[in-house]
Amino acid sequence: MPNPEIAPQTNSGIDGGLHGTCTRTGTTCNGVLGLKVHDGVDLKNPYGAPIYAMYDGIARLATQYDDEGNVDGAGYHVSITSTINGQNVRLVFFHLQESNRVSGEVKAGDIIGYQGTSGNLKAALDQKLTVSHVHIKARLNGQMVNPLNYLATTIDPSTGQVTKPCQ
Amino acid sequence: MKKIYLIITILFVGLYSCKAQLNELTQTEFLNIKFSNVTLDQIYGTEGDINQMKALFGNDLLTEANTTGPSLGRDFWNNNIYLNFEDDSNTGNQYSPTNILVKNASVSVTVKGVTAKLGDDKSVFANNKAINTHVGSNNTIAFIDKLTGSALLIFKIDEISNKIIEITFNAF
C-alpha cells in the first residue's frame with residue numbers, strides 16, 4: 001500500500017477513518033456528549049489484498065470473540081511489537097482473513113495477512129457504511145498514538161490528505 | 001432530448017442503488033432505542049459499571065473481562081441478552097457498548113415507537129410510516145445513528161418466513 005487513503009464513513013460523509021476524531025457514537029469525546037474518539041486509522045484496502053509489516057518485529061495472532069464464540073469486533077487480527085527509534089511500539093491490524101496470517105519474527109515488507117471482512121467490518125460493509133479497509137491501532141509504550149506517525153507516506157492527520165507520498 | 005432524460009434516469013437509479021438503504025435516527029431516537037425497558041442512553045450511562053448494569057438488567061447478569069480483543073473489554077450476559085463494552089483508551093474508565101445481541105423473544109426492542117422481538121413478522125415495521133421498511137442487504141431492516149453513521153441496530157429477516165431471526169446492535 002504505497003500511498004494509502006483514509007476510508008470514509010459513507011453514510012455520514014465524514015472522514016471517520018482518521019485517528020483522534022470524534023466520529024463514533026459513545027459517551028463523550030472532547031467534552032461533546034454522545035460521541036467517542038476513533039482510536040485508529042482506517043486505510044482503504046480491497047478484499048484479499050496483502051497487508052505488509054511496516055517494521056521488523058514480533059507478530060502475534062489473535063481473534064476477538066463474543067460470549068458464544070462468534071468472531072466480533074477486531075475480528076482476526078495481527079499485532080506486531082517493534083522497537084522504533086528505541087521505543088516500544090505495537091501496531092495492530094484488524095479485520096483480516098483467518099488463514100495465512102503470520103506470527104513470530106517478521107521483517108518490514110513481509111506479508112502478515114490478507115484483507116478480510118472479519119469482526120464488525122462485515123456488518124458495516126453489508127450496510128454500506130464504509131468501504132473495505134484495514135483498521136490500524138498504534139500504542140507507544142502502552143499509550144494510544146496516531147498510527148499515521150508510523151507510515152512511510154505523510155498524511156495530514158486532520159484532513160487525511162497525502163502531503164508527502166511514499167518515496 | 002430523450003437520450004438526456006434516459007441518462008439522467010440511469011444516473012439517478014445508479015446513485016440510489018449505491019446508497020445504503022438505512023433508516024436514520026436522530027440522536028434522541030437513537031438513545032431512546034429500548035431493550036425491553038432499558039434505553040440505550042441508560043446503557044451508555046453505565047460506562048460498563050457492573051453494579052449499574054445489574055441494576056438495569058437484573059442480578060442474574062453475569063460479567064467477565066473479554067481479553068480476546070486488542071482493547072480492554074467487558075462482557076455482560078444472561079439467558080436473554082449479551083452486551084459487550086470496550087475501552088479503546090485502555091485506561092479502564094471509558095467503557096462504551098460496542099455489541100449487543102438479543103438472545104430470545106423475552107427481550108423486545110423498541111425503535112421509533114415500534115416494538116419488535118425475535119420471531120415477529122417483519123410487517124411489524126410496516127404499520128409505522130416513519131420507518132422505511134425496505135429490506136436491504138442480507139435481508140435486514142437496519143437503523144443507523146444519523147449523527148455519526150457509526151452505530152447500527154439490525155433486524156435480520158428470514159427470506160422465506162419473513163420472521164425476525166436476529167437482532168443486533170453494533171457500534172464501530
Checklist outcome for this item: Spelling it out for residue A:55: with amide H atoms placed in the peptide plane at 1.01 Å from N, the residues 5 or more places away or on another chain with amide H under 5 Å from its amide H are A:109
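Roughly how many debye, to the nearest 20, is the charge dipole of the range A:40-151 about its Cα centre, given +1 on each Lys and Arg Cβ, -1 on each Asp and Glu Cβ, and no other charges?
Approximately 360 debye in magnitude.
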Checklist outcome for this item: the range A:40-151, convex hull of Cα, quarter of hull surface, nm² -> 7.0
Item to check | Built amide H within the under 5 Å cut-off of residue B:68, gap 5+ | outcome: A:65
Item to check | Packing-based exposure ordering (other Cβ within 10 Å, fewest first) of A:82, B:123 | outcome: B:123, A:82
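Return the average number of partner chain Cβ atoms within 10 angstrom of each residue Cβ along peptide B:91-104.
3
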Item to check | Vicinal HN-Hα couplings computed from phi for the range A:115-121 (Karplus, 6.51 cos²θ - 1.76 cosθ + 1.60; Hz; Gly/Pro x) | outcome: 4, x, 10, 5, x, 7, 5
Next on the checklist: Cβ neighbours within 10 Å, averaged per peptide: list A:146-154, A:40-48 in order, most packed at the top.
Outcome noted: A:40-48, A:146-154
Checklist outcome for this item: Out of B:46, B:90, B:151 - ranked by how far each Cα lies towards the positive end of the dipole of the range B:21-171, with unit charges on the beta-carbon of charged residues - the top one is B:151
Checklist entry - If you put +1 on each Lys and Arg Cβ and -1 on each Asp and Glu Cβ, how big is the dipole of the range B:21-171 around its Cα centre, in Debye rounded to 20? => result 480
Checklist entry - Under the definition of partner shielding as Cβ atoms of other protein chains within 10 Å of a residue Cβ, what is the mean value for peptide B:78-88? => result 3
Item to check | Farthest toward positive dipole pole in chain A [+1 Lys/Arg, -1 Asp/Glu at C-beta], among A:167, A:131, A:106 | outcome: A:167
Item to check | In sequence order, calculated HN-Hα J values of the range A:18-33 (Karplus, 6.51, -1.76, 1.60; Hz; x Gly/Pro) | outcome: 7, 6, x, 8, 7, 10, 10, 6, x, 8, 7, 8, 6, x, 9, 6
Item to check | Three-way shape label, the protein assembly as shown, alpha-carbon gyration tensor, a/c 1.5 | outcome: oblate
Item to check | Between the range A:106-137 and the range A:33-81, the alpha-carbon center distance in angstrom | outcome: 7
Checklist entry - HN-Hα J couplings of the range A:37-52 from phi, Karplus 6.51/-1.76/1.60, θ = phi - 60°, integer Hz, Gly and Pro as x? => result 6, 8, 8, x, 10, 10, 9, 4, 7, x, 3, x, 6, x, 10, 10
Checklist outcome for this item: proj_area_mean for the range B:21-171 (convex hull on C-alpha atoms), units nm², value 8.9
Next on the checklist: For chain A, what does the helix formula give at 222 nm: sum of -39500 (n - 2.57) over DSSP H segments with n ≥ 4, over the residue count, nearest 500 deg cm²/dmol?
Outcome noted: -1000 deg cm²/dmol
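A short reminder: the numbers here are calculations on the coordinates, not readings from a lab. Values in this document were obtained by computation on a predicted structure and should not be read as measured data. Reconstructed Cβ throughout: ideal geometry from the backbone, glycine too, with neighbour counts over all protein chains shown.
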